[in-house]
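Reviewing the structure listed below.
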Amino acid sequence: MDARKQIVRDAYDKIAERYLKWSAPSQVRTHYLDKFRTLLQDGADVLELGCGAGIPVTRTLTQRAHVTAVDISPAQAALALKNAPAALIVCADMMALEFPPDSFDAVCAFYAITHLPREEHGEMFRRIAKWLKPGGTFLASLGVFETDGRTEDWHGAPNYFSHPTADESLRLLESAGLVVAEQEIARQDLKGEEDLPFLWVVARKTAR
(Lines give C-alpha, C1' and ligand atoms only; values in the text may rest on other atoms or scores of the structure.)
Protein backbone atom coordinates (compact mmCIF):
# COMPACT_ATOMS: atom_id res chain seq x y z
CA MET A 1 0.00 0.00 0.00
CA ASP A 2 1.11 3.55 -0.76
CA ALA A 3 2.77 4.92 2.39
CA ARG A 4 0.45 7.94 2.37
CA LYS A 5 -2.61 5.72 2.39
CA GLN A 6 -1.09 3.61 5.16
CA ILE A 7 -0.95 6.77 7.27
CA VAL A 8 -4.68 7.28 6.73
CA ARG A 9 -5.49 3.64 7.43
CA ASP A 10 -3.42 3.58 10.64
CA ALA A 11 -4.90 6.89 11.81
CA TYR A 12 -8.50 5.79 11.53
CA ASP A 13 -7.70 2.43 13.10
CA LYS A 14 -6.36 4.31 16.11
CA ILE A 15 -8.96 7.07 16.43
CA ALA A 16 -12.12 5.39 15.13
CA GLU A 17 -14.24 5.85 18.26
CA ARG A 18 -12.81 9.31 19.01
CA TYR A 19 -13.46 10.57 15.50
CA LEU A 20 -17.05 9.31 15.57
CA LYS A 21 -17.75 11.22 18.78
CA TRP A 22 -16.15 14.42 17.49
CA SER A 23 -17.83 14.45 14.08
CA ALA A 24 -21.32 13.40 15.18
CA PRO A 25 -22.79 16.94 15.62
CA SER A 26 -21.98 18.13 12.08
CA GLN A 27 -25.02 19.99 10.78
CA VAL A 28 -23.56 20.48 7.31
CA ARG A 29 -23.06 16.73 6.90
CA THR A 30 -26.64 16.15 8.06
CA HIS A 31 -27.85 18.72 5.53
CA TYR A 32 -26.08 17.01 2.64
CA LEU A 33 -27.07 13.54 3.79
CA ASP A 34 -30.71 14.66 3.76
CA LYS A 35 -30.23 16.17 0.31
CA PHE A 36 -28.64 12.96 -0.98
CA ARG A 37 -31.52 10.86 0.38
CA THR A 38 -34.08 12.98 -1.44
CA LEU A 39 -32.27 12.29 -4.72
CA LEU A 40 -32.61 8.51 -4.30
CA GLN A 41 -35.40 6.24 -5.43
CA ASP A 42 -36.43 3.47 -3.06
CA GLY A 43 -34.27 0.43 -3.71
CA ALA A 44 -31.51 2.44 -5.40
CA ASP A 45 -28.01 0.96 -5.64
CA VAL A 46 -25.63 3.28 -3.79
CA LEU A 47 -21.85 3.30 -3.32
CA GLU A 48 -20.44 5.14 -0.30
CA LEU A 49 -16.71 5.89 -0.37
CA GLY A 50 -15.13 6.35 3.05
CA CYS A 51 -17.99 5.09 5.23
CA GLY A 52 -16.16 5.37 8.54
CA ALA A 53 -18.09 3.83 11.42
CA GLY A 54 -21.32 3.69 9.41
CA ILE A 55 -23.05 6.43 11.42
CA PRO A 56 -24.93 8.40 10.36
CA VAL A 57 -24.53 8.08 6.60
CA THR A 58 -24.40 4.34 5.91
CA ARG A 59 -27.11 3.35 8.35
CA THR A 60 -29.40 6.15 7.18
CA LEU A 61 -28.99 5.27 3.50
CA THR A 62 -29.81 1.59 4.09
CA GLN A 63 -33.31 2.66 5.10
CA ARG A 64 -34.16 3.16 1.44
CA ALA A 65 -31.23 1.91 -0.67
CA HIS A 66 -28.96 -1.06 -1.30
CA VAL A 67 -25.64 0.27 -0.01
CA THR A 68 -22.08 -0.83 -0.72
CA ALA A 69 -19.90 1.03 1.79
CA VAL A 70 -16.10 1.17 1.58
CA ASP A 71 -13.43 2.22 4.05
CA ILE A 72 -9.66 1.78 4.07
CA SER A 73 -9.53 1.26 7.86
CA PRO A 74 -10.25 -2.23 9.23
CA ALA A 75 -11.34 -0.71 12.56
CA GLN A 76 -13.78 1.64 10.85
CA ALA A 77 -15.10 -1.13 8.60
CA ALA A 78 -15.70 -3.33 11.66
CA LEU A 79 -17.70 -0.55 13.32
CA ALA A 80 -19.68 0.02 10.11
CA LEU A 81 -20.51 -3.68 9.95
CA LYS A 82 -21.91 -3.43 13.47
CA ASN A 83 -23.70 -0.11 13.03
CA ALA A 84 -25.10 -0.67 9.53
CA PRO A 85 -25.62 -4.44 9.19
CA ALA A 86 -27.89 -4.04 6.16
CA ALA A 87 -25.02 -2.63 4.08
CA LEU A 88 -22.31 -4.52 2.22
CA ILE A 89 -19.13 -3.35 3.95
CA VAL A 90 -15.84 -3.51 2.05
CA CYS A 91 -12.44 -2.75 3.60
CA ALA A 92 -10.29 -1.44 0.75
CA ASP A 93 -8.49 1.50 -0.82
CA MET A 94 -11.16 3.19 -2.94
CA MET A 95 -8.72 3.28 -5.87
CA ALA A 96 -8.50 -0.54 -5.76
CA LEU A 97 -12.24 -1.02 -6.30
CA GLU A 98 -13.57 -2.62 -9.45
CA PHE A 99 -17.22 -2.53 -10.53
CA PRO A 100 -18.90 -3.03 -13.91
CA PRO A 101 -20.00 0.10 -15.76
CA ASP A 102 -23.42 1.48 -14.81
CA SER A 103 -23.47 -0.34 -11.45
CA PHE A 104 -24.84 2.41 -9.21
CA ASP A 105 -27.64 4.94 -9.18
CA ALA A 106 -25.64 7.19 -6.87
CA VAL A 107 -22.22 7.54 -5.25
CA CYS A 108 -21.34 9.62 -2.19
CA ALA A 109 -18.11 10.49 -0.40
CA PHE A 110 -18.30 12.42 2.88
CA TYR A 111 -14.86 13.70 3.99
CA ALA A 112 -13.08 10.86 2.18
CA ILE A 113 -11.59 11.90 -1.17
CA THR A 114 -9.53 14.58 0.61
CA HIS A 115 -7.43 11.71 2.02
CA LEU A 116 -6.64 10.43 -1.48
CA PRO A 117 -3.39 11.68 -3.08
CA ARG A 118 -4.46 14.59 -5.25
CA GLU A 119 -2.84 13.15 -8.37
CA GLU A 120 -5.44 10.34 -8.13
CA HIS A 121 -8.52 12.58 -7.87
CA GLY A 122 -9.08 12.89 -11.60
CA GLU A 123 -8.88 9.12 -12.09
CA MET A 124 -11.17 8.58 -9.11
CA PHE A 125 -13.78 10.86 -10.67
CA ARG A 126 -13.46 9.03 -14.00
CA ARG A 127 -14.06 5.70 -12.27
CA ILE A 128 -17.07 7.07 -10.41
CA ALA A 129 -18.49 8.33 -13.70
CA LYS A 130 -18.00 4.88 -15.21
CA TRP A 131 -19.68 3.14 -12.28
CA LEU A 132 -22.68 5.46 -12.28
CA LYS A 133 -25.71 4.73 -14.39
CA PRO A 134 -26.56 7.42 -16.97
CA GLY A 135 -28.11 10.33 -15.11
CA GLY A 136 -26.73 9.02 -11.80
CA THR A 137 -25.76 11.33 -8.94
CA PHE A 138 -22.42 11.95 -7.22
CA LEU A 139 -22.31 13.93 -3.95
CA ALA A 140 -19.04 14.67 -2.20
CA SER A 141 -17.07 17.01 0.01
CA LEU A 142 -13.82 18.11 -1.63
CA GLY A 143 -10.97 20.44 -0.76
CA VAL A 144 -11.00 24.21 -1.12
CA PHE A 145 -7.29 25.06 -0.94
CA GLU A 146 -4.40 23.15 -2.48
CA THR A 147 -2.64 20.93 0.03
CA ASP A 148 -0.63 17.73 0.18
CA GLY A 149 1.01 16.38 3.28
CA ARG A 150 1.03 14.69 6.63
CA THR A 151 -0.52 16.24 9.74
CA GLU A 152 1.38 14.99 12.78
CA ASP A 153 -1.42 15.12 15.34
CA TRP A 154 -4.99 14.86 14.09
CA HIS A 155 -7.23 13.74 16.95
CA GLY A 156 -4.31 11.84 18.44
CA ALA A 157 -2.67 10.29 15.38
CA PRO A 158 -0.77 11.40 12.26
CA ASN A 159 -2.99 11.67 9.20
CA TYR A 160 -2.64 12.62 5.53
CA PHE A 161 -4.66 15.10 3.48
CA SER A 162 -4.33 15.95 -0.19
CA HIS A 163 -6.45 17.91 -2.66
CA PRO A 164 -6.23 20.54 -5.37
CA THR A 165 -8.05 23.87 -5.28
CA ALA A 166 -11.83 23.98 -5.51
CA ASP A 167 -11.63 25.30 -9.08
CA GLU A 168 -9.34 22.45 -10.12
CA SER A 169 -11.66 19.87 -8.54
CA LEU A 170 -14.58 21.31 -10.50
CA ARG A 171 -12.53 21.10 -13.69
CA LEU A 172 -11.60 17.48 -12.97
CA LEU A 173 -15.24 16.56 -12.35
CA GLU A 174 -16.35 18.09 -15.63
CA SER A 175 -13.47 16.40 -17.47
CA ALA A 176 -14.61 13.04 -16.04
CA GLY A 177 -18.09 13.50 -17.47
CA LEU A 178 -19.74 14.60 -14.24
CA VAL A 179 -21.83 17.75 -14.67
CA VAL A 180 -21.86 19.83 -11.49
CA ALA A 181 -25.45 20.80 -10.67
CA GLU A 182 -24.81 22.35 -7.24
CA GLN A 183 -21.75 23.62 -5.42
CA GLU A 184 -21.15 25.31 -2.09
CA ILE A 185 -18.20 26.07 0.14
CA ALA A 186 -19.18 25.42 3.76
CA ARG A 187 -17.38 24.79 7.01
CA GLN A 188 -17.84 21.58 8.98
CA ASP A 189 -19.45 23.61 11.83
CA LEU A 190 -17.47 21.65 14.40
CA LYS A 191 -15.48 23.14 17.23
CA GLY A 192 -11.71 23.28 17.09
CA GLU A 193 -8.97 24.15 14.66
CA GLU A 194 -10.11 21.40 12.27
CA ASP A 195 -13.26 23.41 11.42
CA LEU A 196 -12.10 23.93 7.84
CA PRO A 197 -14.14 24.75 4.73
CA PHE A 198 -15.04 22.07 2.19
CA LEU A 199 -16.35 22.27 -1.33
CA TRP A 200 -19.65 20.37 -1.45
CA VAL A 201 -20.79 19.28 -4.89
CA VAL A 202 -23.75 17.50 -6.39
CA ALA A 203 -22.90 16.26 -9.88
CA ARG A 204 -24.61 14.02 -12.41
CA LYS A 205 -23.35 11.64 -15.03
CA THR A 206 -24.33 12.78 -18.50
CA ALA A 207 -27.28 10.71 -19.68
CA ARG A 208 -26.74 8.87 -22.94
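The values are calculated or read from the model by the stated rules, or taken from the named source; none is laboratory data. Bear in mind that the values here come from a model prediction, so they are computed numbers and not experimental data. Backbone-built Cβ (ideal geometry, glycine too); neighbour counts: all protein chains shown.
Evaluate region 26-45: report whether one residue or more is in contact with a helix residue (DSSP H, G or I) (Cβ under 6 Å, 6 or more places away or on another chain) and among the basic types (K, R). I'd like the intermediate steps shown before the answer.
So the first thing to find is which residues in region 26-45 are in contact with a helix residue (DSSP H, G or I) (Cβ under 6 Å, 6 or more places away or on another chain), and the list is 33.
Narrowing further to those that are among the basic types (K, R): none.
Scanning region 26-45, I find no residue that is in contact with a helix residue (DSSP H, G or I) (Cβ under 6 Å, 6 or more places away or on another chain) and among the basic types (K, R), so the answer is no.
So, V8, is that one of a type in the set (V, I, T), buried (at least 20 other Cβ atoms within 10 Å of the Cβ) and part of a helix (DSSP H, G or I) or not? When the stated conditions are applied, V8 passes them. Among residues of region 1-29 that are over 15 Å from C51 (Cα atoms), those with a Cβ under 6 angstrom from a residue that is aromatic (F, W, Y), sequence gap 6+ or separate chain, pair up as R4/Y160; I7/Y160. Counting only residues that are closer than 24 Å to P134 by Cβ and either crowded, with 23+ Cβ neighbours inside 10 Å or touching a residue at least 12 places away in the same chain (Cβ under 8 Å) (or both), region 34-73 holds 22 of them. Tallying residues that are at positive phi and more than 15 Å from the chain's Cα centre (by Cα) within region 30-51 yields 1. Taken over region 141-156, the criterion of being out of contact with any Phe, Trp or Tyr (no Cβ under 8 Å at 6 or more places or on another chain) and either closer than 16 Å to S73 by Cβ or among the aliphatic types (A, V, I, L, M) (or both) is satisfied by W154, G156.
Here E98, E119 are screened, and the one residue that is charged (D, E, K, R), assigned to a helix (DSSP H, G or I), more than 12 Å from the chain's Cα centre (by Cα) and modelled with pLDDT of 95 or more is E119. Here T151 passes the criteria (1) out of contact with any Lys or Arg (no Cβ under 9 Å at 6 or more places or on another chain); (2) surrounded by fewer than 20 Cβ atoms within 10 Å (Cβ to Cβ); (3) at pLDDT 95 or above except the one numbered (3). Screening K130 against (1) basic (K, R); (2) outside any helix (DSSP H, G or I); (3) at pLDDT 95 or above; (4) farther than 22 Å from R29 by Cα leaves a single unmet condition, (2).
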